[in-house]
Structure formats: structure tokens, C-alpha cells
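These notes concern the structure reproduced below.
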Amino acid sequence: MNKNKGYIYILINSSMPGLVKIGKTAKDPQERVKELSSATGVAAPFFLIYQRIFNNCHEAEKKLHKFLEEKGFRINTSREFFEMTTTDAINIVQTISDEKEDCEEQFYNENNEIKKIENIGMIYLEKGNDYKYGENGCSKNFDKALENYQKALEFGNTEVIWYIYKMFYRYNTSSYCGDKFYLNNFDKAIESLQKAFESGITEAADSISGMYFEKGNDYNYGENGFFNDSDKALENYQKAAKYGMKRAYINIGNTYYNKKNIKNAINAYQKGAENGVNLCYGKLGLIYTFEENYKNATNADIAWNNFLPEYIKGREEEVLIIGSYLFFSLLYKLPIDKIFLPIIDNSKKELIECIKKHNPNGTYNNVLNYLTK
């Protein structure tokens, strides 16, 4: 019988955020959990998240504690608590060699089922909510909320992705954590979401792209503590597109167009059109119909023949495309193509409302006169 054989275990406790307990036992680690949880002075039960059996658990623990102490993770030389993420703790235990290299390892949940990763994530998600809203004995602290959400993400909890995103989403005032938090934590949140994406959690792409898109808008319009900077706006829109936001191609094209870089605007609109963004066909139609040095009847026909059948009069941006077509046609005294007439007639009410909304200086009075005559 091998008297040295036993387990290295990793425990967490919701009342000790940021700490893990790493120790050894010759018995079933679940029994050790019960012993520790029943001790006087323990505010919440311990949870076993990982165990690995060693042929010499005493030597394994000795190596492990020595390494962690040298690296500055140990908070007290007489205690088995370490200030580190559970992911890092597991990774380090996995590096410890065993005498016969036949060790076994397991992850656990509350019901003694293999793999507790998602449940650990839920513990951290709920703790993040406690800090965000100041509930269950936690003072409101957005930084600590984000830290706990990030830990939830480390353990594969995909639900928390949406919670992280909402902290930075200004248009939901009940979830947005304020401009100061946004400025101080944007890069940190993006980094954790990118790590999740790279590890195979593809759901993170939507939040990453959404955050970059909104930051692009901040730079584009000079809002929410950001100065107007079209180059930085463009950079963020391009990152949004990289992570799958198709409509970002509209903003990339618009930014290039406003910078008088028509060639790059066309390329951006073309990519958007290829990805099914109908508005991009409308933008291309306007360029190929009216833009000097880029007029091309064939390309204009292709663009309009793709845009018009999918046109939705309830979408303001698409209504503005029709309004812009009317504006330039009337300005340059060009005949209105007959393929537009049914749509203009069917969208007259929406066109008038939209033009009035975007006509503070009377620029589009020619369109209003045409529609109301």
C-alpha cells in the first residue's frame, strides 16, 4: 500500500473572492470540503473545483506551495490560501510532476459531478451582479463587478458576455456603468472578451464588435468624453467589422466618404453589400449615379437593382437613400428613373417626415417641394 498516495485539491469560497485554497488529503477531497465548511468562522461553504491524485501528494504539495510562495501568490506562510485565479491555480497544479506520471485529475460541481467549470462561472457571475447592484452584503463597486464577470468568463460561462457588454452600453441606462468606468475599463474588458473568443467562445464576437462600433461612434461624433477623430473612428469601425458586425461597413464607407476617399468608401460599401447589408447597395448607387469621376451607369444599375427590391420604407437610413437620390436628381435637373417612381409614391409620407427631420437649414426644400406639389 502506498502511504504517500493522495490528492491535491483546489477549493474556492464565495466569501473569499480572489482567493483559492490549495492543499492535500489522503481521503476523498469531498470529505475534506465538508470538514472545512463545517468549521467555526467559515461564512460560506467551500466548493471543490479540481482534484488531482498523486503517487506522492506530500512531495507534490511541497513543490507546489514552494513555487507559489516564491511567485508571491501566498498571502500567509502558515495558511494554504493563495491570491490568484482558479484557472492559473489549475494550470500550475497540472505542471507538477509525479513519481510515476500516472496521476488522474478531475473537475467537480456541487453535485459531485465531473467538471464544475460552468458552475464556478455562475458563482462569479452572481458575485459580479452583487457588486454591480450593491446587493447581498456587497457595496456597489463596478470595478469588482467587472473582475468577477471576467473570472466567470475564464470558466467558460457564456452568459456573462452579455453582462460585460451591458456595462459599456450607454443606451441602456439601467446597466451602463458611467463614462469614467467606460474610459478606465474598456481595454480591460475587450482583452478578456478577446481571450474568450480566441479560446473558442465564439459568442464573444458580438460583444466585441458592438463595443468597438460604439467607440467608433464616440470618436466619429465627438461624444461621451471623446474628441472628434475620424481616424480613430475608422480604426474602431474596422475592428467591429473584423469581429463580424456587417453594418460596420456602412460606417467605414461613410467615414472614408467624408474624408473624400471615394475609392476606399466604394471598397467598404462593396464588402458590406457582399455581406448582405442592403444599405451599402444604396450608397454605391448614389456614388455611381452622381459622384464626379466615379459615375458608371452599369455599376449604378447593378447597385439600384439590388437595393430597391429589398428597400424597406420603415428604415430611416434607407428612406434617406431615396431622399438623397431625389435631392441630387432635382439639383442637377436629371430625370427621375422610372424604377424609383413606385417606391417614391409608396413612401411619400415616410420621405416627407424623414426630410423634415434632417432639414434644419432648408437644404432639402427642393425634395419637399417635389413631394408636396
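The values are calculated or read from the model by the stated rules, or taken from the named source; none is laboratory data. None of these values were measured; they are calculated from a predicted model. Neighbour counts are summed over all protein chains in view; Cβ atoms, including those assigned to glycine, are modelled from backbone coordinates with ideal geometry.
Please list, ordered by first then second residue, the pairs with beta carbon atoms under 6 Å, 6 or more apart or interchain, first in region 130-148 and over 17 Å from LYS188 (Cα atoms), second modelled with pLDDT under 85. If the second residue must be modelled with pLDDT under 85, the pairs left are ASP130/ASN136; ASP130/CYS138; TYR131/CYS138.
Each residue in region 148-162 was checked for being among the polar types (S, T, N, Q) and surrounded by 23 or more Cβ atoms within 10 Å (Cβ to Cβ), and 2 of them qualify.
Of the numbered criteria (1) modelled with pLDDT of 95 or more; (2) out of contact with any Gly (no Cβ under 6 Å at 6 or more places or on another chain); (3) not acidic (Asp, Glu), the one SER347 fails is (1).
Is it the case that some residue within region 177-184 is closer than 11 Å to SER207 by Cβ and either not assigned by TED's automatic domain parsing to the domain that holds ASP88 or not aliphatic (A, V, I, L, M) (or both)? Checked region 177-184: no residue is closer than 11 Å to SER207 by Cβ and either not assigned by TED's automatic domain parsing to the domain that holds ASP88 or not aliphatic (A, V, I, L, M) (or both). If only residues of region 267-299 that are β-branched (Val, Ile, Thr) and over 20 Å from GLU316 (Cα atoms) are counted, the one that is surrounded by the fewest Cβ atoms within 10 Å (Cβ to Cβ) is THR298.
Filtering PHE328, PHE307 for residues that are of a type in the set (A, V, I, L, M, F, W, C), more than 17 Å from LEU371 (Cβ to Cβ), modelled with pLDDT of 95 or more and part of a helix (DSSP H, G or I) leaves a single hit, PHE307.
Considering LYS144, LYS115, the condition of being modelled with pLDDT under 85, closer than 25 Å to LEU11 by Cα and more than 16 Å from the chain's Cα centre (by Cα) is satisfied by LYS115 alone.
Only residues that are assigned to a helix (DSSP H, G or I), closer than 19 Å to VAL93 by Cα, more than 36 Å from the chain's Cα centre (by Cα) and without any contact (Cβ under 8 Å) to a residue 12 or more places away in the chain were counted in region 33-77, giving 2. Looking across PRO360, PRO342, PRO335, one residue alone is part of a loop (DSSP other than H, G, I, E, B), modelled with pLDDT of 90 or more, surrounded by fewer than 16 Cβ atoms within 10 Å (Cβ to Cβ) and out of contact with any strand residue (DSSP E or B) (no Cβ under 8 Å at 6 or more places or on another chain). It is PRO335.
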